[in-house]
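Enquirer: I have a structure here, written as structure tokens, and I will follow up with some questions on it.
The values are calculated or read from the model by the stated rules, or taken from the named source; none is laboratory data. The model shown is predicted, which means the values in this text are computed figures rather than measured ones. Here the Cβ positions follow ideal geometry from the backbone for every residue, glycine too, while neighbour counts run over all protein chains shown. Keep in mind that these areas ignore ligands, DNA and RNA; they rest on the heavy atoms of the full protein, side chains included. Shrake-Rupley method; radii C 1.70, N 1.55, O 1.52, S 1.80 Å.
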Amino acid sequence: SVDSSKIEVILKDIQRDPEKSHITHIDFLAVDMNKKINVNVPFRFINEDKCVGIKISGGILSHILNEIEISCLPKDIPENIDVDVTNLDLNQSIHLTEITLPDGVEILHGGDKEHDTAVVKCYKPVEEVIEEPTEDVVGDEGTTEDSKDAKANESDSSDDKSENKQDNKE
């Protein structure tokens, strides 16, 4: 309410005091209830605990998009858009064209077959394999790795003997 008239608005931004969390500033956007507006709405991924790719195949989900820009009347703005991942298996993804939108809601960018962006994907994590050198590898000098190790051990043991002699002298 401004003076004696009422204006329809939606919340655009809110700022809070970092220490006390008190509201310090609020921005409202005046809207015409009969004209469509563009807003960003978050995705809500449901049934992740029942997802076939996770539960049976051992995969993990990658949320590629977290929100989408939509166009609708102010009264039709959804709190979020649900994406059901129950039947998503390994190496499969859900695209924008596969999502059921609420009545009166249109996706602004990417909701057609030509620009069908993936929203979520299920994949199998890849383990990094570290290869260890084999024992029969021939080095630069024509000796095997085993003989190099033996020589290194001999020099280590001779160092130990010299240290023991010094300890005895002290």
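Enquirer: Mind counting the residues in region 93-110 that are within 27 Å of ASP49 (Cα to Cα) and open to solvent by less than 40 Å² (accessible area, probe 1.4 Å)?
Expert: 4
Enquirer: Of all residues in region 111-136 being in a loop (DSSP other than H, G, I, E, B) and among the hydroxyl-bearing types (Ser, Thr, Tyr), which is surrounded by the most Cβ atoms within 10 Å (Cβ to Cβ)? Working first, answer last.
Expert: Initial filter on region 111-136 (in a loop (DSSP other than H, G, I, E, B)): 111-117, 124-136.
Then drop every residue that is not among the hydroxyl-bearing types (Ser, Thr, Tyr), which leaves 117, 134.
Values: THR117: 15, THR134: 7.
Taking the candidates together, the pick is THR117.
Enquirer: So is ASN40 more than 30 Å from GLU127 (Cβ to Cβ), open to solvent by 40 Å² or more (accessible area, probe 1.4 Å) and not charged (D, E, K, R) or not?
Expert: yes
Enquirer: Can you tell me which residue among ILE54, ILE77 is under 19 Å from the mean Cα position of the chain (by Cα) and either at pLDDT below 95 or farther than 18 Å from THR117 by Cβ (or both)?
Expert: Residue meeting the stated conditions: ILE54.
Enquirer: Picking from ASP84, ASP103, which residue would you name as being charged (D, E, K, R) and under 22 Å from the mean Cα position of the chain (by Cα)?
Expert: Result of the check over ASP84, ASP103: ASP84.
Enquirer: Would you confirm, using the coordinates I've provided, whether LEU90 is assigned to a loop (DSSP other than H, G, I, E, B), under 22 Å from the mean Cα position of the chain (by Cα) and surrounded by 12 or more Cβ atoms within 10 Å (Cβ to Cβ)? Quick ask: steps written out before the conclusion?
Expert: Values: assigned to a loop (DSSP other than H, G, I, E, B): yes; under 22 Å from the mean Cα position of the chain (by Cα): yes; surrounded by 12 or more Cβ atoms within 10 Å (Cβ to Cβ): yes.
So LEU90 passes the test.
Enquirer: Then there's this: Restricting the search to region 61-78, which residues are open to solvent by 70 Å² or more (accessible area, probe 1.4 Å) and within 13 Å of PHE45 (Cα to Cα)?
Expert: HIS63, ILE64, ASN66, GLU67
Enquirer: Filter region 51-60 down to the residues that are open to solvent by 50 Å² or more (accessible area, probe 1.4 Å) and of a type in the set (A, V, I, L, M), then identify the one that is farthest from LYS35 (Cα to Cα).
Expert: So the residue we want is ILE56.
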